[in-house]
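Take a look at the structure set out below.
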Amino acid sequence: MRMRLGGIGLDCDDPVQLSQFWAALLGGEIVYTSERVAVAKLGDLFLNAYQVEDHRPPSWPGGPQPKQAHIDLDVDDLPKAEERALSLGAARAEWQPDPDSYRVLLDPAGHPFCISTQFPE
């Protein structure tokens, strides 16, 4: 029996904007869009952005709106990866617990994600 992660779904206000961000950041392509859903193909993984009514970005690291997801990205150059993500529409989270090892960023819908050089090979 084979089992693998096929896709990740993220709630947002603007599914096209969110899927375009992730596709640009990770070298993917948009393979489907509708009024309420957009899908980015990222290699063997699909990122599905779903428009939800009254979407509220998570407050990170704590606060009234808990995070709904957290994605970690393995990078080879922390400053350059952060610069690229910011140029595509990410924001740097105010709280950075260990910025020498990883950086916490927020995608255009406010979902936190980390970039790090600390993943084992």
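What follows draws every value from the coordinates through simple rules; no lab data is involved. All figures in this text were calculated on a predicted structure; none of them were measured in a lab. Note: ideal-geometry Cβ built from the backbone for every residue, glycine included; neighbour counts use all protein chains shown.
Say we join alpha carbon atoms closer than 10 Å with springs in a Gaussian network model of the chain; which of Pro108, Pro99, Pro61 then has the biggest fluctuation?
Checking each option, the largest mean-square fluctuation is seen for Pro99.
Can you tell me the FRET efficiency between Val52 and Asp100 if r is taken as the Cβ-Cβ distance and R0 is 30 Å, rounded to the nearest 0.05?
0.25
Among Asp72, Asp11, Asp44, which one moves the most in a GNM of the chain with springs linking Cα atoms closer than 10 Å?
Result: Asp44 has the largest fluctuation of those listed.
Calculated FRET efficiency, Gln65 and Met1, Cβ-Cβ r, R0 41 Å, to nearest 0.05?
On the way: r = 38 Å, r/R0 = 0.92.
Computed FRET efficiency for Gln65 and Met1 comes out at 0.65.
With a/c under 1.5 counting as rounded, go ahead and sort region 35-75 into rounded, prolate or oblate using the C-alpha gyration tensor (a ≥ b ≥ c being the square roots of the eigenvalues; past the cut-off, prolate if a/b is larger than b/c, else oblate). Walk me through the numbers before you get to the answer.
Values: a/c = 4.35, a/b = 1.24, b/c = 3.51.
It is oblate, given that a/c is not under 1.5 and a/b is not larger than b/c.
Would you tally the net charge around Phe119, using a Cβ to Cβ cut-off of less than 11 Å, leaving Phe119 out, and scoring K and R as +1, D and E as -1? Walk me through the numbers on the way to the answer.
Values: positive: none; negative: Asp72, Asp74, Asp76, Glu121.
Here the charged neighbours net out to -4.
Please express the shape of the chain as an equivalent ellipsoid: the semi-axes are the square roots of 5 times the eigenvalues of the C-alpha gyration tensor, given largest first in whole angstrom. Walk me through the numbers on the way to the answer.
Details: eigenvalues 98, 69, 39 Å².
The equivalent ellipsoid of the chain has semi-axes of 22, 19, 14 Å.
Pick out which of Gly28, Gly62, Gly43 has the largest mean-square fluctuation in a Gaussian network model of the chain, springs linking Cα atoms closer than 10 Å.
Checking each option, the largest mean-square fluctuation is seen for Gly62.
Determine the gain in length on full extension of the stretch Asp44-Leu88; use 0.36 nm per residue of separation and subtract their C-alpha separation, reporting nm with one decimal.
On the way: separation 44, 0.36 × 44 = 15.84 nm, distance 2.21 nm.
Gain in length upon complete extension: 13.6 nm.
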